[in-house]
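This report refers to the structure that appears directly beneath it.
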Amino acid sequence: SEQIKPTFEEIQTTHQIGGGYDETKKILLEKIDEAGLTDYYNNTELPILEIIRHMGQSGMCVDMKALDEQLKNFEKRIKDFEQKIYKLAGREFLISSPKQLGEVLYDEMGLGQKIKKTATGKRSTNVEMLNSMREEHEIIGLILSWREVTKLYSTYLHPLAGFVGDDGRIHPHFLQTGASTGRFSCENPNMQNLPVKSEYSEAIRNIFVADKGCKLISLDYSQ
């Protein structure tokens, strides 16, 4: 809270005079007391720390077989989309490159004639522009699908595999003060940001399983 945040100068001074952790802690506790939040700190925030520690240590169980299968499935999807795009474009190119994609769509295939050029004289290939061109050619839908699958693979599936511990579980780091709204945040990895609206989201979420005799329950903030 900004109300109890010590100034940088206060913290810096304690370290310069050798105060270190104890002096810094003293400043913070004084700020909490001045704000009238000592009772809240002792009876709410501190007990929650133990819950957070337990959450991180418990982690989430991963079905490694399902994860491996989805990694292969997504890799195949990506390659399939690429081959279809190359065939329609008449050549191979770097789909992730806005410059090369623009050359193929606008210059070589003559699509997007109504798309206005930017200040640099180029036409955008962002999602909004491509969506406005969907009806012009089937290659547009394939490019958008390729982008979606590639993003899900590189942002979620592939990184998740690197976070699985020897116990077959992912142990994310939950942050008690990670959001200004008071909600927990999560990092390494961010388990609160798994996709829900994509047609492929279920495939990703299904790699997480409950322990024997337990169930997974999903509750959103409003509940």
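The values are calculated or read from the model by the stated rules, or taken from the named source; none is laboratory data. Quick caveat: nothing in here was measured; it's all calculated off a predicted structure. Neighbour counts run over all protein chains shown; Cβ positions are idealised from the backbone, glycine included. Protein only, heavy atoms only, side chains kept; ligands, DNA and RNA dropped before computing areas. Shrake-Rupley method; radii C 1.70, N 1.55, O 1.52, S 1.80 Å.
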**Complete:** Of those in the stretch 127-173 that are of a type in the set (A, V, I, L, M) and more than 23 Å from the chain's Cα centre (by Cα), the residue surrounded by the fewest Cβ atoms within 10 Å (Cβ to Cβ) is MET129
**Request:** Taking PHE208 as the residue in question, decide whether it is more than 13 Å from the chain's Cα centre (by Cα), surrounded by 15 or more Cβ atoms within 10 Å (Cβ to Cβ) and either over 27 Å from LYS65 (Cβ atoms) or among the β-branched types (Val, Ile, Thr) (or both).
**Result:** no
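May I ask you to say which residue of LYS26, LYS84 is farther than 30 Å from HIS171 by Cβ, of a type in the set (Lys, Arg), out of contact with any Phe, Trp or Tyr (no Cβ under 8 Å at 6 or more places or on another chain) and modelled with pLDDT under 95?
Just one listed residue meets the conditions, LYS26.
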**Request:** Output yes when any residue across the stretch 137-145 is farther than 26 Å from PHE208 by Cβ and of a type in the set (Ser, Thr, Tyr), and no when none is.
**Result:** no
**Those residues of the stretch 81-96 which are open to solvent by 70 Å² or more (accessible area, probe 1.4 Å) and more than 20 Å from LEU152 (Cβ to Cβ), in sequence order** = LYS87, ARG91, GLU92
**Prompt:** Just to be sure, is SER96 hydroxyl-bearing (Ser, Thr, Tyr), free of Cβ contacts under 8 Å to residues at least 60 places away in the same chain and within 29 Å of GLU202 (Cα to Cα)?
**Reply:** yes
**Number of positions in the stretch 174-192 that are out of contact with any strand residue (DSSP E or B) (no Cβ under 8 Å at 6 or more places or on another chain), open to solvent by 70 Å² or more (accessible area, probe 1.4 Å) and free of Cβ contacts under 8 Å to residues at least 24 places away in the same chain** = 3
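Residues are listed down the side, and each one gets a yes or a no for (1) touching a His at 6+ places or on another chain (Cβ under 8 Å); (2) of a type outside the set (Phe, Trp, Tyr); (3) open to solvent by 70 Å² or more (accessible area, probe 1.4 Å); (4) closer than 23 Å to ILE204 by Cβ:
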residue	(1), (2), (3), (4)
PRO47	no, yes, no, no
GLY56	yes, yes, no, yes
LYS65	no, yes, yes, yes
LEU71	yes, yes, no, yes
LYS79	no, yes, yes, yes
LEU101	no, yes, no, no
**Request:** Please enumerate the residues belonging to the stretch 33-45 that are free of Cβ contacts under 8 Å to residues at least 24 places away in the same chain and loosely packed, with under 12 Cβ neighbours inside 10 Å.
**Result:** GLY36, ASP39, ASN42, ASN43, THR44
